Amino acid sequence: MLEQTTEMNLLYDFYGSLLRDKQRTLLEMYYHEDWSLGEIAEHQGVSRQAVFEAIKRAQTTLTELEEKLGLVQKHLERQKLAQEILARLEEVPEARLKVESLVKQMVDLD
């Protein structure tokens, strides 16, 4: 469950602004605020099943966007490359001092 939550939060970070307002609200309640389906349903005045289906549709939308655009995968690859660059620069401390901040800025662009 934790792995799915982490994945959904990452997808939401990249693609959440492309969802409808209601979808964003439901995902935020469920994943960010850790509300149960029952709590969300009560708050929204709908059935638990309606909340479940709406969250499932939003998850599908996020997953499909990632499949088409691949922004999360590219982000993860950039992070891995940045770590590799910094690891290799351990051998040349003076170069690491000059490059480390640039590598971190590059990764933070996402």
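If you go through region 26-52, how many residues are closer than 27 Å to GLU67 by Cβ and open to solvent by less than 60 Å² (accessible area, probe 1.4 Å)?
Within region 26-52, residues that are closer than 27 Å to GLU67 by Cβ and open to solvent by less than 60 Å² (accessible area, probe 1.4 Å) number 9.
Restricting attention to region 99-110, report how many residues are in contact with an Asp or Glu (Cβ under 9 Å, 6 or more places away or on another chain) and in a helix (DSSP H, G or I). Before you say what the answer is, go through the steps one by one.
Taking region 99-110 and keeping what is in contact with an Asp or Glu (Cβ under 9 Å, 6 or more places away or on another chain), we get 110.
Within this subset, residues satisfying the condition of being in a helix (DSSP H, G or I) are none.
Summing the residues that are in contact with an Asp or Glu (Cβ under 9 Å, 6 or more places away or on another chain) and in a helix (DSSP H, G or I) in region 99-110 gives 0.
Could you list, in sequence order, the residues of region 55-98 that are assigned to a helix (DSSP H, G or I) and β-branched (Val, Ile, Thr)?
ILE55, THR60, THR61, THR63, VAL72, ILE85, listed by residue number.
Please verify whether PHE52 is within 15 Å of the chain's Cα centre (by Cα) and not polar (S, T, N, Q), treating the condition exactly as stated.
It is false that PHE52 is within 15 Å of the chain's Cα centre (by Cα) and not polar (S, T, N, Q).
The values are calculated or read from the model by the stated rules, or taken from the named source; none is laboratory data. None of these values were measured; they are calculated from a predicted model. With ideal geometry, Cβ positions are generated from the backbone for all residues, glycine too; neighbour counts draw on all protein chains shown. Keep in mind that these areas ignore ligands, DNA and RNA; they rest on the heavy atoms of the full protein, side chains included. Shrake-Rupley method; radii C 1.70, N 1.55, O 1.52, S 1.80 Å.
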